Amino acid sequence: HNRARPFFVYLAPHDVHAPLEPKPELLTKYQAKARKLRISDAEVQQAAAVDAIDTNVGRILTRLKELNLDENTMIIFTSDNGGTPQFVAPLNGSKGALYEGGIRVPAVVWWKGISKRGRSFDEPVLSMDFYPTIAELTGVRLPAGQTIDGISLLPVLKGESDSLKRSAVFWHFPCYIGRGEPSSAIRMGDWKLIEKFQDQSFELYHLSVDPGEQRNLATTQPAQLSRLR
C-alpha cells in the first residue's frame, strides 16, 4: 500500500545471531555438505542461517522489481557488529571488542545511481553515515542545530568523489560485552590505536599490513601513538 509514495523499511533479521534456528530443510542441505567437507555442527548451522538471509534478500529484490520500484529504491545491507571468533578469522576479536573482528562488517549499497556497478570502496564507512546519506537522497532537511556524526555517502556512490575526506573515525565502548572490555579506538588512515581502560594500556596497529592486529606497535612507534592519542 506504500507503493505510490515514499517509504522506508528497516529490516533486522535474526537469522545469523545466536541462538541459530535454521529451517530443517536448510540444515539437511548443509549436513550433507558437511559430511564431505568435515566441518563442525556450528559451521553447518551458520551456513544454513546465511543461506536463509541470502534467500530473503533475494525475495525483497525480486518483489521490488515486480512492483517496478527497483529503479527508485536504495537498499543498504550491513550488520550492527562483528561476529563470533571462529567466523571472523583472520581478523582478531569478535562482538564487543574494538578489534577489526568486532567492528568490521559487510556494507553493500544497491542503487541505480551508483556510478559503476560492482565497485568497492576501501575507506571506513560508519552506520552513522546512512542517516545523512538517506536524508540527502530524499531531499530531507536535517534539523538545525543537530549534531550529525556521519557523512553523506552520495558523492562517493555517484562517482563525484573518490574519498570521504574524513581525517579520523572513532569508537567508544566503555562496557563489558562478549569478549570485549571497556575501551576506545581511533583510526586515521591505516593506523589504529586502541586504549583499554581496565589497565590503561595502548595497542597500535597498521591495518594495511596487519589487518589481523597481531603486531602491537605501541612501543616501537611512539610518534604514531602520540599522534593518535
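The values are calculated or read from the model by the stated rules, or taken from the named source; none is laboratory data. Note that the structure is predicted; figures quoted are calculated from it, not measured. Virtual Cβ from ideal backbone geometry, glycine too; neighbours counted across all protein chains shown. These area figures cover heavy atoms from the full protein model, side chains too; ligands, DNA and RNA do not enter into them. Shrake-Rupley method; radii C 1.70, N 1.55, O 1.52, S 1.80 Å.
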Over region 183-229, the set of residues closer than 16 Å to F170 by Cβ, open to solvent by 20 Å² or more (accessible area, probe 1.4 Å), free of Cβ contacts under 8 Å to residues at least 40 places away in the same chain and touching a helix residue (DSSP H, G or I) at 6+ places or on another chain (Cβ under 8 Å) is W191, F202
Quiz item: Among the residues of region 102-117, is any in a loop (DSSP other than H, G, I, E, B), among the small types (G, A, S), more than 24 Å from A49 (Cβ to Cβ) and in contact with a helix residue (DSSP H, G or I) (Cβ under 9 Å, 6 or more places away or on another chain)?
Solution: yes
Residue pairs qualifying under the 9 Å Cβ cut-off, at least six apart or on distinct chains, with the first in region 46-62 being touching a residue at least 24 places away in the same chain (Cβ under 8 Å) and farther than 13 Å from H17 by Cα and the second being of a type in the set (A, V, I, L, M, F, W, C) and in a helix (DSSP H, G or I), are D51/L26
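Select from region 22-43 the residues that are more than 23 Å from the chain's Cα centre (by Cα) and closer than 16 Å to T84 by Cβ and list them in ascending order. So that I can check it myself, show each step before the final result.
Filtering region 22-43 down to residues more than 23 Å from the chain's Cα centre (by Cα) leaves 23-41.
The answer is I39, S40, D41.
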Pairing a residue in region 82-105 that is touching a residue at least 60 places away in the same chain (Cβ under 8 Å) with any residue that is among the charged types (D, E, K, R) and open to solvent by less than 50 Å² (accessible area, probe 1.4 Å), where Cβ atoms lie under 7 Å and the two sit 6 or more apart in sequence or on different chains, gives L91/E100; N92/E100; N92/E213; G93/E100; Y99/E213; E100/E213
Within region 122-181, restricting to residues that are assigned to a strand (DSSP E or B) and of a type in the set (F, W, Y), the one that is surrounded by the most Cβ atoms within 10 Å (Cβ to Cβ) is F173
(1) outside any helix (DSSP H, G or I); (2) over 23 Å from D129 (Cβ atoms); (3) polar (S, T, N, Q) all hold for N81 apart from (2)
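In the list V57, V88, V50, V44, which residue meets the criterion of being crowded, with 16+ Cβ neighbours inside 10 Å and touching a Ser or Thr at 6+ places or on another chain (Cβ under 9 Å)? Explain how you work it out, then say what you get.
On the way: V57 fails: touching a Ser or Thr at 6+ places or on another chain (Cβ under 9 Å); V50 fails: touching a Ser or Thr at 6+ places or on another chain (Cβ under 9 Å); V44 fails: touching a Ser or Thr at 6+ places or on another chain (Cβ under 9 Å).
When all the criteria are applied, what remains is V88.
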